[in-house]
Amino acid sequence: MERAIQKLKDYPEIVIFLAPALGFWFGNLKFGKFSLGIVTSILLAGMLIGQAEINISPKVKSTFLLMFLFPVGYGVGSQFFRGLKSGGLQQVLFSVIAVTCLSNTLLMAKLLHYNTELAAGLISGACMISAVPVANLRRADSGPVQPISFQIQL
């Protein structure tokens, strides 16, 4: 196994073609009525191969990613517009509500002169987004974090 990984590290161009090959093979397998599909299998194969820490030029990565995404988007594009006809109004309404919630919260944070940590807490509470505090903590790893607590008394 070590020898195979070393060969792939010596010749990283093989990896670019190995991920789709493994993905096509695994994507066509069926487990009863279940199948991952080719697109998912290619992505999983690429992630699995990526664990070997093989260095590939960022330009080559971007080029092949775009070459992968274009046909996927081209194939799904017609379904996207058909979906807009059937249930598009609900999705547009949801997007408007989400953007309104976010913009109002940012406006209030700006008007109240909140720092970044308080603004992130306000956004996560107002918009019910649990990813905001995690992103805020990761950002705050570079500097001191001020603990903030609130208490409601009845």
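List the residue pairs whose Cβ atoms are under 9 Å apart, where the first residue sits in segment 34-46 and is over 20 Å from L66 (Cα atoms) and small (G, A, S), the second is at pLDDT 85 or above and buried (at least 17 other Cβ atoms within 10 Å of the Cβ), and the two are 6 or more positions apart or on different chains.
Qualifying pairs under 9 Å: S35/G27; S35/S41.
If only one of F70, F64 is assigned to a helix (DSSP H, G or I), farther than 25 Å from L8 by Cβ, among the hydrophobic types (A, V, I, L, M, F, W, C) and modelled with pLDDT under 85, which one is it?
Details: F64 fails: farther than 25 Å from L8 by Cβ.
F70 is the lone residue from the list that is assigned to a helix (DSSP H, G or I), farther than 25 Å from L8 by Cβ, among the hydrophobic types (A, V, I, L, M, F, W, C) and modelled with pLDDT under 85.
For every residue, the table says whether it meets (1) at pLDDT 75 or above; (2) touching a helix residue (DSSP H, G or I) at 6+ places or on another chain (Cβ under 6 Å); (3) surrounded by fewer than 13 Cβ atoms within 10 Å (Cβ to Cβ).
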{"position": "H113", "(1), (2), (3)": "yes, no, yes"}
{"position": "T116", "(1), (2), (3)": "yes, no, yes"}
{"position": "M128", "(1), (2), (3)": "no, no, yes"}
{"position": "V134", "(1), (2), (3)": "no, no, yes"}
{"position": "R139", "(1), (2), (3)": "no, no, no"}
{"position": "S142", "(1), (2), (3)": "no, no, yes"}
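Is it the case that segment 25-35 has a residue that's surrounded by fewer than 14 Cβ atoms within 10 Å (Cβ to Cβ) and part of a strand (DSSP E or B)? Spell out the reasoning first.
Step one: filter segment 25-35 for residues surrounded by fewer than 14 Cβ atoms within 10 Å (Cβ to Cβ), giving 25, 28-34.
With the extra rule that they be part of a strand (DSSP E or B), the set shrinks to 31, 34.
The answer is yes, given that some residue of segment 25-35 is surrounded by fewer than 14 Cβ atoms within 10 Å (Cβ to Cβ) and part of a strand (DSSP E or B).
With (1) within 19 Å of S57 (Cα to Cα); (2) out of contact with any Phe, Trp or Tyr (no Cβ under 8 Å at 6 or more places or on another chain); (3) not polar (S, T, N, Q) as the list, and L22 as the residue in question, which single condition is left unmet?
(1)
Starting from segment 50-67, take each residue that is touching a residue at least 12 places away in the same chain (Cβ under 8 Å) and list its partners that are part of a helix (DSSP H, G or I) and surrounded by 12 or more Cβ atoms within 10 Å (Cβ to Cβ), counting only C-beta distances under 6 angstrom and pairs at least six apart or across chains.
Close Cβ pairs satisfying both conditions: A52/I5; I54/L8; I54/K9; I54/V15; F64/I16.
Would you say I54 is surrounded by 13 or more Cβ atoms within 10 Å (Cβ to Cβ), touching a Lys or Arg at 6+ places or on another chain (Cβ under 6 Å) and of a type outside the set (F, W, Y)? Even if it seems obvious, please write down each step before you answer.
Working: surrounded by 13 or more Cβ atoms within 10 Å (Cβ to Cβ): yes; touching a Lys or Arg at 6+ places or on another chain (Cβ under 6 Å): yes; of a type outside the set (F, W, Y): yes.
Against the criterion (surrounded by 13 or more Cβ atoms within 10 Å (Cβ to Cβ), touching a Lys or Arg at 6+ places or on another chain (Cβ under 6 Å) and of a type outside the set (F, W, Y)), I54 qualifies.
Residue check: is G77 over 30 Å from K7 (Cα atoms) and either at pLDDT below 75 or in contact with a strand residue (DSSP E or B) (Cβ under 7 Å, 6 or more places away or on another chain) (or both)? Working first, answer last.
Numbers: over 30 Å from K7 (Cα atoms): yes; either at pLDDT below 75 or in contact with a strand residue (DSSP E or B) (Cβ under 7 Å, 6 or more places away or on another chain) (or both): no.
Criteria not met by G77.
When you check S95 against the structure, is it surrounded by 10 or more Cβ atoms within 10 Å (Cβ to Cβ), among the polar types (S, T, N, Q) and more than 28 Å from E2 (Cβ to Cβ), yes or no? Spell out how you get there, then give the answer.
Details: surrounded by 10 or more Cβ atoms within 10 Å (Cβ to Cβ): yes; among the polar types (S, T, N, Q): yes; more than 28 Å from E2 (Cβ to Cβ): yes.
In short, yes.
The values are calculated or read from the model by the stated rules, or taken from the named source; none is laboratory data. Nothing here was measured: the structure is a model prediction, and the numbers come from that model. As a convention, Cβ positions derive from the backbone with ideal geometry for all residues, glycine included, and neighbour counts pool all protein chains shown.
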